[in-house]
1. Would you confirm, using the coordinates I've provided, whether T178 is β-branched (V, I, T) and part of a loop (DSSP other than H, G, I, E, B)?
2. Taking into account only those residues within the stretch 53-76 that are touching a Ser or Thr at 6+ places or on another chain (Cβ under 9 Å) and not in a strand (DSSP E or B), which is surrounded by the fewest Cβ atoms within 10 Å (Cβ to Cβ)?
3. Name the one entry in G270, G225, G282 that is modelled with pLDDT under 95, over 23 Å from M92 (Cβ atoms) and not assigned by TED's automatic domain parsing to the domain that holds D98.
4. So which residues in the stretch 27-45 are surrounded by fewer than 24 Cβ atoms within 10 Å (Cβ to Cβ) and closer than 16 Å to V131 by Cβ?
5. Here is a check on your reading of the model: is T86 under 8 Å from the mean Cα position of the chain (by Cα) and modelled with pLDDT of 90 or more?
6. Looking only at residues that are buried (at least 18 other Cβ atoms within 10 Å of the Cβ) and out of contact with any Asp or Glu (no Cβ under 9 Å at 6 or more places or on another chain) in the stretch 79-89, which one is nearest to A273 (Cα to Cα)?
7. Go through the stretch 89-117 and give me each residue that's under 19 Å from the mean Cα position of the chain (by Cα), closer than 21 Å to G35 by Cβ and in a helix (DSSP H, G or I).
Amino acid sequence: MKKTNETDRAVPGAKTEENAFRSGFIPILGRPNVGKSSIMNALIGEKIAIVSHRPQTTRNRIMGVVTTENCQFVFLDTPGIHDPRTKLGEYMMHSVRDAMEGMDCLLMVVDVTSIREKDLDIAREAAQQKVPRLLAINKIDLVKPEEILQVTARFAEMGFDDILPVSAVTGDGLDQLTACLRAKLPEGPRYFPDDMVTDQPERLLCAEIIREKALRHLRDEIPHGIGVEMMGMEKVGDNLTEINATLYCERDSHKRIIIGKQGSMLKVIGSEARQDIEKLLGTHINLKLWVKIRPDWRDNLSDLRTLGYDAK
């Protein structure tokens, strides 16, 4: 143990390495469905990104901000890394590359219950980045400890600064993950106000909530072909907001399924979305939904822009 000399003593109020304010941008990378959005929501303490069991739920780069007394984390949730087959997929991968521009630290997420070669490919690419790199092994609540050790061993030689087992569902390991992330961030300013948690406009958050409910209840290929356009959002009273939105799909058969018998499916989607939007906005919501067909909209640049995917 080092003996403290008079010259080593901290001056009251002086900035030390421990109490210096740190900040930085942290993209969250990984395959689809490994829990990137769930981890970001858990770290923030609020639901910013929609989640579902469907692959490629996240389509945009979504920013979440956490500000503490001595740190500001700017998380960038990204679409799951995959080989794109449509222009929408290309846009999603462009969003991943954009998120990595100017990053201060990189957080990769894997699903401990399903490690694939793609995970290893992403880890190898992450190893080429000239910033601190952390790996979160998610969903540890679903496996035995020895399985966690096996996965840790597979990534041990990949060049990560830290490998941490976590569970976005139970919260296990998240405090340690937060501490490790802070230690890797540089000293920096508050980029955003203390009370800011995301840069997403309310219209986009509402559209994403509607899409989340559709993802939850629809099956097979239909969820991948759904886009939501906000047609109108207007406050019509002291405690009432009227929202009009259109769900787009690619086939007439999909439209019938989304609407359901006598409108039953659309009612379920609308009812669940309305409840979440009311929590988000803090007001009563009158939500009206329509379903229209846009064939192959995922490969149409004009349609992509209309639905909020600024294809490049």
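1. no
2. So, considering only residues that are touching a Ser or Thr at 6+ places or on another chain (Cβ under 9 Å) and not in a strand (DSSP E or B), the one surrounded by the fewest Cβ atoms within 10 Å (Cβ to Cβ) is T68.
3. On the way: G270 fails: modelled with pLDDT under 95; G225 fails: over 23 Å from M92 (Cβ atoms).
Just one listed residue meets the conditions, G282.
4. If the condition is that a residue be surrounded by fewer than 24 Cβ atoms within 10 Å (Cβ to Cβ) and closer than 16 Å to V131 by Cβ, then no residue fits.
5. In short, no.
6. Start the filter on the stretch 79-89 by keeping residues that are buried (at least 18 other Cβ atoms within 10 Å of the Cβ), which leaves 79-81, 87-89.
Those left that are additionally out of contact with any Asp or Glu (no Cβ under 9 Å at 6 or more places or on another chain): 79-80.
On the way: P79: 22, G80: 24 Å.
So the residue we want is P79.
7. Filtering the stretch 89-117 down to residues under 19 Å from the mean Cα position of the chain (by Cα) leaves 89-112.
Okay, now just the ones that are also closer than 21 Å to G35 by Cβ, so 89, 92-93, 95-96, 99-100, 103, 105-112.
Selection gives G89, M92, M93, S95, V96, A99.
Residues are listed down the side, and each one gets a yes or a no for (1) among the polar types (S, T, N, Q); (2) within 18 Å of L174 (Cβ to Cβ):
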residue: V74; (1), (2): no, yes
residue: T86; (1), (2): yes, no
residue: M93; (1), (2): no, no
residue: L106; (1), (2): no, yes
residue: I115; (1), (2): no, no
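The values are calculated or read from the model by the stated rules, or taken from the named source; none is laboratory data. Bear in mind the structure is a predicted one, so any value in this text is a computation, not a measurement. Heads up, the Cβs are rebuilt from the backbone with ideal geometry, glycines too, and the neighbour counts pull from every protein chain shown.
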